[in-house]
Amino acid sequence: MVDSQLNAHSREQAIAQMSAGKIFDVLVIGGGINGAGIALEAASRGLQVCLVEAQDWGEGTSSRTKGIIHGGISWLENNQLRQIAKVANERGIILQKTAPHLVKLMPFIWPIEKGLKGRIRQLGIAFLHDMIIRAGVRGAVPPPRACGVKEAVRAFPSFAKSPSAGALRFFDAVVTDTRLVIAVLRTARQYGAVVASHLQATKILRDASQKVNGAQVVDQLQPDRQFRIRARHTVLATGPWVASSSLQMSPDLADKVHLEKGINIAVPRQAIRGSTGVCLSSGGHLLSLVPRRTHWIIGTDYRAFAGDKAKPPVSEQEIAALLEQVNEHLAVPLRRDQVVAAWAGVRHLIADRDHPQGEPMRWPHILDVGSGITAIFGGAMTLYRLTAERTVDQILAHLGKWQPSRTAKLPLVGAAGYTKLWNTRYSVAANSGIDSVHVASLLNRYGDEAEMLLAKIRTDPQMGQTIPGAQERLKVEIFWALQAEGALTLTDVIERRLMLGRRHQDDGKEAAPAIAEVVADVCGWDSAKKEAELNSFFARH
């Protein structure tokens, strides 16, 4: 297998391979979770794959979720019963086999609606969900159950009114979204996929018969570098940009696509009293309150959208609307000045064929939009592997090949030795000289690769220091972002490797100068380059 590390050197190697005239089996355009999953699926099934991403890995919608790997309660709430077994099974695969270091179970409670109808409905949901989970993941997840008023209030004292009928207690899973994207991408590279970020596909190429046979790309970091990539089949996994390319080849899709924005906010952990996640029925959809170590994530509020897909804004009115929805259920209302971060992700959905009303559907749709080209609409992080498997099944049929999928049993980078290290984390901490809290954080972010970060600290003790302005992170994580995780700019490091934008009210601006010092040292930047990168970061915030 190939070295999985992504860095500036591996990017140059990838560009050299892409521009050499080789014909790949599959070109994937888009480096979010769907594109990364398709690259891994195709490479692990023996196809020659390349993937290009116009921005940083996962910079679009895949880095703007609320970080839940759903097990299906919300799907059942929307009466999507056919899908729930698949959702539960995919969550079990991620939890047990592919990414146990990144995905963790979290208990949630959901107040039961008043009245006999509401109680029967929600307990029926719990029963059905339990049966499906037991069949799908062999009991890996504790079954949902009803809990009484006292237990519900004890778990979440912040309720404005005690849930008079009790609550439904169930488990979902949480993840740091971009860490999953990076792990999938690096595993794809390990299996031979040729991948490069900051390469924008500017034109879809066709042969004389109008069959798509690749794309023209431009290097966003060196705009004078342009070249063609040739491929037997092309996949558009570009999230909210997928429709613009697809409509050129399938104009009949115009009245079927729907652009949707999902809005989330974060507040400090102390702003809400509670030891468990909470689901709330609000405005016809479910709102989640997700407790993380330093903050709560609240969302998602979905709205129709038309605007800047690269940087979807969150207006004061939208923040106020989300606060109004959640404050209806809280004893102590949240204030606007407690919102430390707000973000939105955008995706194109396609109308569900089974709904005569044309209701948009979040279940992934895999469509051939022309000869030699497939587009992915919709999707969910929970379903990335299944989406990829079905996409590659379709591609293999077009190519006249067949290999069975392996990804349901394939550990992602960092997963293989994680459990053993986690069980010995206190001795690992004692031997490394790093406190156990930071060692646990490293293990849950990097899995068994935490050993490599600790080895770096042993050879360079300064790397074990915390980052000024971001004390929960160590300087070695900056080094690893550049050495192994494909970060190429200061913004890549701060926003999508250290994830400071969702943890700090200043979006990581206080920590930025100290981070820039480490990045400059690792990358060999001069003072002018360092200042340019800092200015670029501050301009975004």
For LYS475, state whether it is assigned by the TED database to the domain that holds VAL428 and free of Cβ contacts under 8 Å to residues at least 12 places away in the same chain. no
Can you name the residue in the range 259-273 that is assigned to a strand (DSSP E or B) and among the aliphatic types (A, V, I, L, M) and, of all such residues, is surrounded by the fewest Cβ atoms within 10 Å (Cβ to Cβ)? LEU259
Given the residues ALA484, ALA450, ALA429, ALA440, which is the only one that is surrounded by 15 or more Cβ atoms within 10 Å (Cβ to Cβ), touching an Asp or Glu at 6+ places or on another chain (Cβ under 8 Å) and farther than 27 Å from HIS541 by Cβ? ALA429
Members of the range 7-44 found to be touching a Lys or Arg at 6+ places or on another chain (Cβ under 6 Å) and not small (Gly, Ala, Ser), listed by number: ILE23, ASP25
Looking only at the range 301-342, and only at residues there that are among the aliphatic types (A, V, I, L, M) and in a loop (DSSP other than H, G, I, E, B), the one that is farthest from LEU286 (Cα to Cα): ALA310
Within the range 344-369, of all residues that are of a type in the set (Asp, Glu) and at pLDDT below 65, the one nearest to PRO312 (Cα to Cα) is GLU359
Any hit, the range 47-56, residues being surrounded by fewer than 21 Cβ atoms within 10 Å (Cβ to Cβ) and farther than 22 Å from THR491 by Cα: yes
Can you tell me which residue within the range 199-227, out of those that are assigned to a loop (DSSP other than H, G, I, E, B) and touching a strand residue (DSSP E or B) at 6+ places or on another chain (Cβ under 7 Å), is surrounded by the most Cβ atoms within 10 Å (Cβ to Cβ)? GLN220
Is one or more of the residues making up the range 403-412 surrounded by 21 or more Cβ atoms within 10 Å (Cβ to Cβ) and not β-branched (Val, Ile, Thr)? yes
Test of understanding: among GLY372, GLY378, which residue is at pLDDT below 95, in the same structural domain as ALA188 (by the TED database) and touching a Lys or Arg at 6+ places or on another chain (Cβ under 8 Å)? GLY378
Residues being touching a residue at least 60 places away in the same chain (Cβ under 8 Å) and in a loop (DSSP other than H, G, I, E, B): count how many of those fall in the range 402-432. 10
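Matching residues to (1) of a type outside the set (Phe, Trp, Tyr); (2) modelled with pLDDT under 90; (3) touching a Phe, Trp or Tyr at 6+ places or on another chain (Cβ under 9 Å):
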{"residue": "VAL278", "(1), (2), (3)": "yes, no, yes"}
{"residue": "LEU287", "(1), (2), (3)": "yes, no, no"}
{"residue": "TRP296", "(1), (2), (3)": "no, no, no"}
{"residue": "TYR302", "(1), (2), (3)": "no, yes, no"}
{"residue": "PHE305", "(1), (2), (3)": "no, yes, no"}
{"residue": "SER315", "(1), (2), (3)": "yes, no, no"}
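The values are calculated or read from the model by the stated rules, or taken from the named source; none is laboratory data. As the structure is a computational prediction, the values presented were derived from the model and not from experiment. Every residue, glycine among them, receives a Cβ derived from its backbone with ideal geometry; neighbour counts consider all protein chains shown.
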